[in-house]
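None of the figures in this text is laboratory data; all of them are computed from the coordinates on show. Bear in mind that the values here come from a model prediction, so they are computed numbers and not experimental data. For neighbour counting, all protein chains shown are included, and Cβ atoms are generated from backbone atoms with ideal geometry for every residue, glycine included.
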Amino acid sequence: MSRFRQTLTEVVRASWLYVLVLMTMLFLVLPTLIVIPMSLSDARYLSFPPKSFSIEPFFSYFASLEWRTATKVSLITATLTMLLATTLGTAAAYSLHVTQSRFSGVLRGLMMAPMIVPTIFIAIGLFFVYARFDLNNTIPGLVLAHTLLALPYVVINVSAGLRSYDMTQEQAACILGASRLRAFFDVTLPQIRFSVIAAAMFAFAISLDEAVISLFISGGDSSTLTKRMFSSLRSEIDPLIAVVATLMTLLSIIMLCISIMAQRKAKRNAV
Amino acid sequence: MNRTEPGARNARELLKAERRNRWYLFGSGLPALLLVLLTFVLPIGWLFWLSLFDANGQLTVENYTRLLEPIYVLTFVQTFKISIIVTVACVLIGYPYAYFMIKGPRWLANLAMGLLLVSLWTSLLVRTYAWLIILQRRGMANDLLMSLGLTDVPLSLVHNLTGTVVGMVHIMLPFMILPLFASMKSIDPIYNQAAAAFGASPSRAFRDVFLPLSLPGLAAGATLVFVITLGFYVTPALLGGGKVQMISMRIESDVSMYANWGAASSLGVVLLVATLLMLFIVKKSAGLGRRSE
Amino acid sequence: MSEDPKLSMSIDIENLTKTYDNFAALDDVSLSIKSGEFLSLLGSSGSGKTTLLMALAGFVRPDAGSIRFGGREMIFEPPHKRDVGMMFQSYALFPHMNVFQNVAYPLKLRGYSRADIRLRVEQALATVELDHLIERGITEMSGGQRQRIALARAIVFEPKILLMDEPLSALDKRLRETMQLELRRLHERLGMTVVYVTHDQREALTMSDRIAVMSKGRIRQVDTPINLYERPSNRFVAEFVGESSCLPVTLQDGQVRFQGRPLRASSATAGLKNPSLVVRPEKLQFVTADASDCNLLHGHVTDVIFQGESQLVQIDLGEGMAVAIRRPTRSSASDRLPTRGEAVVLGLHLQDTLVVGDEQ
């Protein structure tokens, strides 16, 4: 093959790659992008250029008791989930890190399991068990369920942080007079704080976005935002949904940015 | 193994103290363990139990034998079909994307990763809703197709298989690309350089060196996508409408419409077993593949 | 070495055993460390020296035995209740605190007042000559500075016992030697009991009041540096501390023989297992064959190596045995060194003729 033909083939191949990648990038980001203009339009169909401009849907959203309640439920649940999952998950990650026994292997497997098991299966199981204990349509019930889903991610993040941390410092703190718990809070936690923050963001986002389990175990006044959206989408396309979607998207992007910054800081500290 | 004689100084108390210490350390993980037991092991165990009883409370296998009926078989077939299509699409689209994230110009590669993350972090429901908008009869997709002259009438792109596949591919792409990217990143560029030094053209080097080395990451991503798609609910439910029914949707209707716990639980068990089996098979063959190297 | 009870405490270790899966890290170790003493644990890796130190600190819980500080049983106490100072090999400073906060940490834990803390931290840093860096961050410090900060942190609360785990091993040679002398001086000033782990026998010889030589989880000999060097009690210690050649000898009716010839030994030789003659290079002299006041060895020179301040002459004694003799480099004619191939007679003074066996 002549030089020229070779280069040409490479250029063609390269441009084919570029085109494909650019199209994929558009494919990936399109849904996120159209949500915002959609919420500023009164129409049920989005077309370019948008046919009408109106902030009426925003007013409807803030006026609607149902949607405001659902928002409150989702935000409270997400915050509580973040706190519970981060605390439990960090403690578990610490335990897994310092003990290397058979038990810790079992614990780790159990905590990672919710990632492999189909969520619909967990959902109906929880629905069934909650019915027995009157936990359906309650916020505590939601928080427990969402924490279950968030735990694996917290454990993974915090474990990574612990791995790049020098445990001798905790030993040093102990011999200087700190109990193990004190040493953890004084020395270890400050140094893995970025992993913990990133994990907390994950937990919050997972809870806010959780749709399947919430579908079953939340209802009435404790309906989550996702449940209302889902039920609403099933019937018809309400412009109000776009507002909810926009707000959720903005929140997601903020969480993503915080998480990336925290992870980057964690990597820099590790060296 | 302990060489200390039982009468050795303080030995018994020291052993007790050691055991106590180990429990303290393990105890740190107990709250999490408790939560997992109560919200995960207990419900799932109960479901397994439920699948063995019929509506009258009698022990039976009919919940499982019912799954061999044509309606259910159809659901299984459709679920697997969708999973396979989605997986193949993700491989075809995801591999070049991951490759670009490694080899492309820095700023563009970072943008590619950034957009991937934005997609991943945007709420699942929001993205599914967005696809509903885009793919509807008077939506963007049809507008584009008609303006390009590819069709005269708006196509039915949603509430059917097409819509489901498009939505699922979008949701699953990050799960394909991220493991693949991680795997590709760990391939030492020295291999490609060596191949080039031996006279291989870039495409030859890719085919003979890079591609085989990236296969484990590809297998991991593909498995992940396949297995998650099998049990996925939200996106197929909204974008599939009436025409598509996957196992997850069947489970949902069995519970919320018919309150048929026997049927729902047995179906769920089968779904779980299929998932675990797939993971097991892939893990084993990955091990075998590595041994043959 | 002060024995002031306000400054230091004795350590009594009895029958300490620690086994990991069939591997005996500590094998029935017993040791008494005097109040205010500087004792080194000397051995190669795997000898058990670090395990012993960690047991003293409380990070390793032995399977059996007793550890007493000043007569009080400590073996059940967790590390944070042992009130000992410790220096780690990696220093283990807290990067998220500055120098002041690092050194102040043990005082804060003990509830000292803010003014008191300030005073003591400044004093401790002055002792290690780093008081001018009191507000800096840890990451800005060099290796030598971090080492001093770790030291300041370990002594700021005036512990009666100080444990050190190879604290100088990360430093370069020159700095290490300077620090060895400084640590020695610090010990004389502050007077606490020090247990110091090292694999460098020169370091141990420089700094210690006594050295415990360890291998395979047991203590082979505990003695002052001079006694360990001049009077090793077994072949392991003889070979580990200082240069030596160990030449096999035979025992016949209480008579020591080397290469068939009788040898006058300086110590009791009855009942030694695998008896060996310990020959240190600087103890040998070139003598004439008729010298009567020392033991004689015959051989010929195989090599002469110039090593700066001294020269090493390798001598083959036949039967596969060889020794080295070390002479300081001098220019006077009377100290002419033999050349390669020359037959020589070596003399070993009676007091320097040491016969040792394997450890009992």
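Peptide B:242-252 shows a mean partner chain C-beta count of 2 within 10 Å per residue C-beta. Other protein chain C-beta atoms within 10 Å of residue C-beta, averaged over B:131-144: 4.
In straight-distance terms, cross-link reach from residue C:81 covers every one of the lysines whose alpha-carbon lies under 20 Å from its own, apart from those fewer than eight places away in the same chain; here that gives B:16, C:6, C:108, C:160. From most to least packed by mean Cβ count within 10 Å, the peptides A:91-98, A:25-32, C:248-255 give A:91-98, A:25-32, C:248-255.
A Cβ-based charge dipole, computed about the Cα centre of segment C:1-142 with Lys and Arg at +1 and Asp and Glu at -1, lands at about 420 debye. Relative to the longest principal axis of the Cα atoms of chain C, the long axis of helix C:114-127 makes an angle of roughly 20 degrees. Springs join every pair of Cα atoms under 10 Å in this Gaussian network model of chain B, and among B:34, B:157, B:272 the largest mean-square fluctuation is at B:34. Put in line by how crowded their Cβ is, counting other Cβ atoms within 10 Å and starting with the fewest, C:196, A:153 read A:153, C:196. Sequence-distant contacts, meaning Cα pairs under 8 Å at least 6 residues apart, place the relative contact order of chain C at 17 percent. Label separation (residue B:19 vs residue B:106): 5.9 nm, computed from points 7 Å beyond Cα along the C-beta direction. Charged side chains reduced to their Cβ positions (Lys and Arg at +1, Asp and Glu at -1) give chain C a dipole of some 640 debye around its Cα centre. Modelled spin-label separation between residue B:12 and residue B:273, with each label point placed 7 Å from Cα along the Cα-to-Cβ direction: 5.2 nm.
Convex hull of alpha carbon positions in chain A: directionally averaged projected area 22.4 nm².
Here residue A:3 and residue B:190 are evaluated by their C-beta separation; at R0 = 45 Å the FRET efficiency comes out at 0.95.
Dividing the alpha-carbon radius of gyration of segment B:70-291 by the rule-of-thumb value 2.2 N^0.38 Å gives 1.18.
Neighbouring Cβ atoms from other chains, within 10 Å of the Cβ of residues in B:102-115, number 2 on average. Any idea what log10 I(q)/I(0) is at q = 0.28 Å⁻¹ for segment A:50-120, Debye with uniform C-alpha scatterers and no solvent? Debye curve over Cα of segment A:50-120, log10 I(q)/I(0) at q = 0.28 Å⁻¹: -1.15. GNM remark for chain A: springs join alpha carbons under 10 Å apart, and the peak mean-square fluctuation among A:192, A:241, A:55 falls on A:55. Ellipticity at 222 nm from helices only: DSSP H runs of n ≥ 4 in chain A, each -39500 (n - 2.57), divided by the residue count, give -27000 deg cm²/dmol.
In chain B, the calculated helix contribution to ellipticity at 222 nm averages -23500 deg cm²/dmol per residue, counting -39,500 (n - 2.57) for every DSSP H run with n ≥ 4.
Provide A:16, B:107, B:46 in ascending order of the number of other Cβ atoms located within 10 Å of each residue's Cβ, fewest first.
Neighbour counts put them in this order, fewest first: B:107, A:16, B:46.
Report, in whole Å, the centroid distance computed from the Cα atoms of segment B:214-233 and segment A:202-249. That distance is 26 Å. About its Cα centre, the protein assembly as shown has a charge dipole of approximately 1260 debye under the convention of +1 per Lys or Arg Cβ and -1 per Asp or Glu Cβ, with nothing else charged.
Ordering C:285-292, B:95-102 by mean Cβ neighbour count within 10 Å, with the highest value first, yields B:95-102, C:285-292.
Its relative contact order, with pairs defined as Cα atoms under 8 Å and 6+ residues apart, puts chain A at 29 percent. When a/c reaches 1.5 or more, the comparison of a/b and b/c decides; with that in mind, is segment A:1-160 rounded, prolate or oblate per its Cα gyration tensor? Taking the square roots of the gyration eigenvalues as a ≥ b ≥ c, segment A:1-160 is oblate. Each label was represented as a point 7 Å from its Cα along the Cα-to-Cβ direction; for residue C:345 and residue B:138 these points are 12.3 nm apart. Considering only B:187, B:119, A:121, and ranking their Cα positions along the charge dipole of the protein assembly as shown that arises from unit charges at the beta-carbon of Lys, Arg, Asp and Glu, the one farthest toward the positive end is B:119.
Per the Cα gyration tensor, segment B:213-277 maps to an equivalent ellipsoid with semi-axes of 28, 15, 6 Å, ordered largest to smallest.
Structural descriptor for segment A:35-188: relative contact order 23 percent, calculated from alpha carbon pairs under 8 angstrom and at least 6 residues apart. Within the listed set A:83, A:110, A:151, the Gaussian network model of chain A (springs between alpha-carbon atoms below 10 Å) gives the highest mean-square fluctuation for A:110. Only one residue of C:71, C:107, C:228 has its Cα farthest out toward the positive end of the dipole of segment C:11-230, where Lys and Arg carry +1 and Asp and Glu -1 on Cβ, and that residue is C:107. Report note on the peptides C:337-343, C:235-241: ranked by the mean count of other C-beta atoms within 10 Å, highest first, their order is C:235-241, C:337-343. For chain C, the convex hull spanned by the alpha carbon atoms encloses 177 Å³ per residue. Here the Kirkwood formula, the inverse mean of 1/r across different C-alpha pairs, assigns segment C:243-356 a hydrodynamic radius of 14.7 Å. Since only B:21, B:64, B:84 are under comparison, the one whose Cα sits farthest along the positive direction of the charge dipole of segment B:9-98, derived from C-beta charges on Lys, Arg, Asp and Glu, is B:21.
Sorted from fewest to most neighbouring beta carbons within 10 Å, what does the list B:153, C:313 look like?
B:153, C:313
Screening chain A for whole DSSP H helices of 20 Å or more along their axis (Cα) with average Kyte-Doolittle hydropathy at least 0.5 returns A:3-39, A:65-98, A:102-116, A:119-133, A:139-163, A:189-209, A:239-270. Here the protein assembly as shown is treated as a Stokes sphere of Kirkwood radius computed over C-alpha pairs; at 4 °C and 1.567 mPa s its diffusion coefficient rounds to 38 µm²/s.
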